[in-house]
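Comments concern the structure below.
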Amino acid sequence: MEYKNILFNVEGGIATITFNRPKALNAMNSETLTELYDALSICKNNEQIKALILTGAGEKAFVAGADISQMHNLRVPEALQFMELGQETMRFLETIAKPSIAAVNGFALGGGTEISLACDVRFASENAVFGQPEILIGIIPGWGGTQRLPRLVGMGIAKELIMSGMQINAKRAYEIGLVNRVFPADQLIPESNKFAQKLAGMPGFAIKMAKNSINFGCDLALDNALKLEAACCGECFGSDDQKEGMKAFLEKRKPAFIGR
Ligand code: CAA
């Protein structure tokens, strides 16, 4: 598929997906969502790709939300379709068996915050701005914001953000646990790459099991979630990297993981 709205670059086992509609502050229309889904499918199927970074082109925005010019005339059934496409894409991103980093530069509003929430970790530049401003245009978040935001920052703060539509800066986003780390703007991509490289060198099967256990366990009752964790941890013992990791420990040497 030829991409018009994203850039897709693979280097050293790291796939970087850059939202690239800077004139519209990288707002997401359905074409961009489809391109993102396609790029994620490549990431899923290409064994050389070990980690993902998502970021925005230009200095001003990560993603300023779903494209309002595409949405303003939608009727209920079409709006539902657009939200389902967004949700399906976010869920694919969230559950892909490889680690993902949102490198948030500038505005991450509405769908922009929601994309970052579907990533495993969020790094932000000092000028990043987060928010769920949908209420200010008469709707609510539709790509997972009402569900993932409270799971991450708690219900009280999520309601404050979603019901007021307020924007918050990177410092506040860090305080509430919405972002993992904050960097000067020129350090955001190098630091994201450094962390992606680190994760790319981890045992790939164990990364997959960690994601499965966290993603699917958090919504279960504790006893069931613990069963899931035990099953995921048990599965790791069928992997080459578990054998190598434990052998290397006992032999007091660095492990040479092969990613499966
Ligand atoms: N959709 C479409 N176009 C957008 C956009 C969006 N979400 N956000 C910005 N743009 C466009 C603007 O229309 C403008 O285009 P023109 O130059 O052609 O007029 C261009 O990007 C630059 O934007 P501004 O001139 O507004 O820039 P600013 O610096 O004054 O303001 C901003 C920046 C605060 C991000 C402001 O653009 C803004 O509030 N954008 C909308 C944010 C928003 O409401 N996002 C939520 C969308 S709904 C959603 O995401 C639903 C969901 O859950 C899926």
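Bear in mind these aren't lab numbers, they're just calculated from the coordinates by the rules spelled out. These figures come from a predicted structure and were not determined experimentally. All Cβ positions, glycine included, derive from the backbone under ideal geometry; neighbour counts span all protein chains shown.
Taking a ≥ b ≥ c as the square roots of the Cα gyration tensor eigenvalues, with a/c under 1.5 meaning rounded and otherwise prolate when a/b beats b/c, else oblate, which class fits region 165-260? The shape class here is oblate. Working note: 222 nm ellipticity from helices only, DSSP H runs with n ≥ 4, each -39,500 (n - 2.57), summed and divided by the residues of the chain, gives -15000 deg cm²/dmol to the nearest 500. Compared with the direct C-alpha span, the chain from residue 95 to residue 72 gains 5.3 nm at full extension, assuming 0.36 nm per residue.
Built from the Cα atoms of region 1-114, the convex hull projects on average onto 6.8 nm², one quarter of its surface area. The residue 225 and residue 87 beta-carbon pair, evaluated with R₀ = 25 Å, returns a calculated FRET efficiency of approximately 0.65. Cβ crowding within 10 Å ranks 95, 55 as 95, 55, fewest other Cβ atoms first. Against the empirical 2.2 N^0.38 Å (N residues), region 107-221 has a Cα radius of gyration ratio of 1.13. Which log10 I(q)/I(0) values does region 204-250 give at q = 0.26 Å⁻¹ under the Debye formula, counting every alpha carbon as one identical point scatterer? Cα-only, vacuum Debye calculation for region 204-250: -0.86. Taking 14 Å as the straight-line reach from the Cα of residue 252, the aspartates and glutamates in range (excluding those fewer than 8 positions away in the same chain) are 244. Loop-resident GluC sites (Glu not before Pro) (DSSP state other than H, G, I, E or B) in region 31-102 with no more than 15 further Cβ atoms inside 10 Å of their Cβ: 47, 59. With R₀ fixed at 51 Å, the C-beta to C-beta distance from residue 175 to residue 237 puts the FRET efficiency at about 0.80. A convex hull fitted to the Cα coordinates of region 6-200 yields 101 cubic angstrom per residue. Counted by neighbouring Cβ atoms within 10 Å, the residues 164, 30, 100 run from fewest to most as 164, 30, 100. The loop-placed trypsin sites (Lys or Arg not before Pro) in region 1-90, going by DSSP, that have at most 15 neighbouring Cβ atoms within 10 Å of their Cβ come out as 4, 60, 75. Potential lengthening of the chain between residue 44 and residue 163 amounts to 39.3 nm, from the contour at 0.36 nm per residue minus the alpha-carbon distance.
Listed by chain and number, the lysines whose C-alpha is less than 29 Å from the C-alpha of residue 159, apart from same-chain residues fewer than 8 away, are 60, 171, 211. Amide H contacts of residue 129: 106, 107, 108, each under 5 Å away and 5 or more positions distant or on a separate chain (H built 1.01 Å from N in the peptide plane; Pro and chain starts excluded).
The lysines within cross-link reach of residue 4, meaning a Cα-to-Cα straight distance under 17 Å and a gap of 8 or more places when in the same chain, are 23.
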